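I have placed the structure first, in the form of structure tokens, so that the comments after it can refer back to it.
The numbers here are math on the coordinates, done by the rules we state, and not lab data. None of the values given here were measured: they were computed from a predicted structure. Cβ placement follows ideal geometry from the backbone for every residue including glycine, while neighbour counts extend to all protein chains displayed.
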Amino acid sequence: MKIVFLDAKTIGDDIDLSAYDALGEVVKYGFSTSEEVPDRVKDADVLVINKIEINEQTIGTAKNLKLVCVTATGTNNLDKEYLEKRGIAWRNVAGYSTESVTQHTFALLFYLLEKMRYYDEYVKTEKYVNDTIFTHFAEHFNEISGKTWGIIGLGTIGRRVADIAKAFGAYVIYYSASGRSAQEGYEQVDFDTLLSKSDIVSVHAPLNEYTKDLMNKEAFAKMKKTAIFLNLGRGPIVVEQDLCEALENGEIAAAGLDVLCEEPMSETNPLVKIKDSRKLIITPHIAWASVEARTRLMQIIVGQIKEFFAL
């Protein structure tokens with residue numbers, strides 16, 4: 001069979017993909033535009049893609065195509081109706097990045113909570129050299145223990161974050177935007193209660209009709225002025241202009257984001273202008289991307305191809 005990677009760079013050059021070579025001919029393209037795809041898929045049996053749009057315009061030329069493997073959980077880039085009409089199967093991957101995203105959630109929190117940028121610069125600019133006393137606490141920080149942590153979306157990742165937050169001594173509450181029935185172990189609350197009671201609010205929900213623009217001006221206004229907000233879900237869950245104003249006006253203390261409405265970040269994004277690292281940290285959609293998570297992801301897809309073709 002012929003396996004074609006259309007945007008292999010989204011996996012990284014450091015991940016061993018040699019297991020695919022044992023399955024057949026493998027062709028890897030770092031990136032592909034929509035215009036380039038039709039020619040590149042003509043004789044492919046399997047496509048491995050991340051963000052590439054899969055529809056009649058892009059894969060209409062792929063006469064041998066039998067399987068599309070998405071190196072992600074989300075599949076909104078697939079025209080599933082067209083694939084079904086063509087008899088082309090598709091697979092996605094869930095659960096591979098739980099530990100990675102959970103770890104990154106706490107990395108963002110600790111950076112903001114303990115003012116790490118300030119203290120790192122304090123030492124590296126040599127202000128600590130021959131200082132008057134052994135310690136320095138111009139920037140205050142607090143403990144997680146005793147705080148209320150509100151989670152939006154208590155799925156696999158949300159629950160893992162909840163378990164670790166609890167281990168740190170936080171009291172965990174959660175809100176289900178879809179109205180899912182209560183789960184064991186943690187207190188389910190309504191949205192207003194979560195916003196008003198939480199010292200830390202983290203989002204681990206998918207983007208859907210219940211969560212789009214959920215975190216808007218009204219939501220931020222209900223939060224504590226000392227609260228830290230974290231978004232590890234999807235960018236459009238947050239109205240970025242409203243978050244920007246909430247940070248500038250002191251309605252919340254700080255925010256950590258790994259996802260944005262437009263990725264890569266647009267120069268028109270209002271958050272570009274916030275340079276104060278005590279208020280905001282944005283990472284470029286890397287929470288999922290530990291070496292272990294990416295390795296796990298590609299191993300799962302190898303297994304999916306083997307299973308599909310009964311190899």
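A few notes on this one:
- Nearest-ten-degree value, helix 291-308 long axis tilted from longest Cα axis of the chain: 30
- Rounded tilt (10° steps) of 98-113 against the dominant C-alpha axis of the chain: 30
- Nonlocal amide H pairs with residue 282, under 5 Å, H built at 1.01 Å: 257
- Summing charges over neighbours of residue 199, with a neighbour being any other residue whose Cβ is under 13 Å away from its Cβ, gives +3 when K and R count +1 and D and E count -1.
- Count Lys and Arg as plus one, Asp and Glu as minus one, and take only other residues whose Cβ is under 13 Å from that of residue 170; the net charge is then -1.
- Two-site FRET efficiency, residue 18 against residue 43, from Cβ-Cβ distance with R₀ of 25 Å, rounded to 0.05: 0.65
- As a rough guide to protection, the peptides 127-137, 285-295 ranked by mean Cβ packing within 10 Å, highest first, stand as 285-295, 127-137.
- Computed from the Cβ-Cβ distance with R0 of 25 Å, the FRET efficiency linking residue 117 to residue 266 stands at 0.55.
- Cα centroid separation - the stretch 121-182 against the stretch 278-311, whole Å: 26
- Residue-wise HN-Hα couplings along the stretch 54-64, as the Karplus relation 6.51 cos²θ - 1.76 cosθ + 1.60 with θ = phi - 60° gives them from phi, are 10, 7, 4, 5, 8, 10, x, 7, 7, 6, 9 Hz; Gly and Pro carry x.
- Nearby aspartates and glutamates by direct alpha-carbon distance to residue 306 (threshold 20 angstrom, same-chain neighbours under 8 apart not counted): 16, 21, 25, 43, 45
- Entry note, the chain: the mean residue ellipticity at 222 nm calculated from DSSP H runs of n ≥ 4, each adding -39500 (n - 2.57), is -8500 deg cm²/dmol after division by the residues and rounding to the nearest 500.
- For the stretch 76-87, 3J(HN,Hα) computed residue by residue from phi via the Karplus equation (6.51, -1.76, 1.60; θ = phi - 60°) reads 5, 8, 9, 7, 5, 5, 5, 4, 5, 4, 7, x Hz, glycine and proline entered as x.
- Each other residue within a Cβ distance under 11 Å of residue 153 adds +1 if Lys or Arg and -1 if Asp or Glu, for a net charge of +3.
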